[in-house]
Amino acid sequence: MKKILFAILVSASIFACTEKKESDAGLENYKKNIEVAKQFIKFFSTKDSTKEASLLSDDFKWNGPAVGQDSLPKSALLASDKEMMKAFNEITLTNVEYVPSVDPVTYKFDGNVRVYGTWVSKSATSGKTVKLKYYAVFTINPSGKISSLAEYTNMEDLKKEY
């Protein structure tokens, strides 16, 4: 009986260590990848589309906030962002929270970054302040490039305020 109990304890310890290592790896990647997400947001806020583009992988895919915008190429995101940069001034992401992402199948940290916040900016034409709630998932590859970005906002809020 003691041997069985000992075997169970050893097995549980090994399993626990394996789980922790996988989880730790996801969190370590998240700590690196959060800086990439922060840079991307900074470059958008400062209207630096060249530096923004440098953070995107060649095979980048964008799922934009508008309904039906799914798996669009890098060029579509950059064109959309340039339009937003022209339409708004003083672009700032406020109340920002960076949260580790989890794999939807295993529920383990996957190293990617979820971002919550509120974009606050001023219309370039009317000067009116516009607020837009924002949620995004940044998927970042091992090379430190953003390979996909899924963004969610209520575009109706933008239409109401703008």
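Here are the numbers:
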{"item": "Residue within the range 115-138 that is over 21 Å from T46 (Cα atoms) and touching an Asp or Glu at 6+ places or on another chain (Cβ under 8 Å) present", "result": "no"}
{"item": "Cross-chain or 6+ apart pairs with Cβ under 7 Å, the range 50-61 first and part of a loop (DSSP other than H, G, I, E, B), then of a type in the set (A, V, I, L, M, F, W, C)", "result": "L55/V36; L55/F40; L55/I146"}
{"item": "Odd one out for E28 among (1) closer than 20 Å to G144 by Cα; (2) open to solvent by 40 Å² or more (accessible area, probe 1.4 Å); (3) at pLDDT 95 or above", "result": "(3)"}
{"item": "Filter result for the condition that a residue is in a helix (DSSP H, G or I), touching a residue at least 24 places away in the same chain (Cβ under 8 Å) and closer than 19 Å to K131 by Cβ, over I91, I34, I41", "result": "I41"}
{"item": "Within the range 107-127, considering residues that are hydroxyl-bearing (S, T, Y) and more than 24 Å from N95 (Cβ to Cβ), the one modelled with the lowest pLDDT", "result": "Y107"}
{"item": "Odd one out for D70 among (1) at pLDDT 95 or above; (2) among the charged types (D, E, K, R); (3) open to solvent by 50 Å² or more (accessible area, probe 1.4 Å)", "result": "(1)"}
{"item": "Top-ranked residue of the range 97-120 - restricted to ones that are among the aliphatic types (A, V, I, L, M) and farther than 17 Å from S147 by Cα, ranked as most open to solvent (accessible area, probe 1.4 Å)", "result": "V105"}
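The values are calculated or read from the model by the stated rules, or taken from the named source; none is laboratory data. Model, not experiment: these values are computed from the prediction. We place every Cβ from the backbone using ideal geometry, glycine too, and count neighbours over all the protein chains shown. With ligands, DNA and RNA removed, areas are computed over all heavy atoms of the protein, side chains included. Shrake-Rupley method; radii C 1.70, N 1.55, O 1.52, S 1.80 Å.
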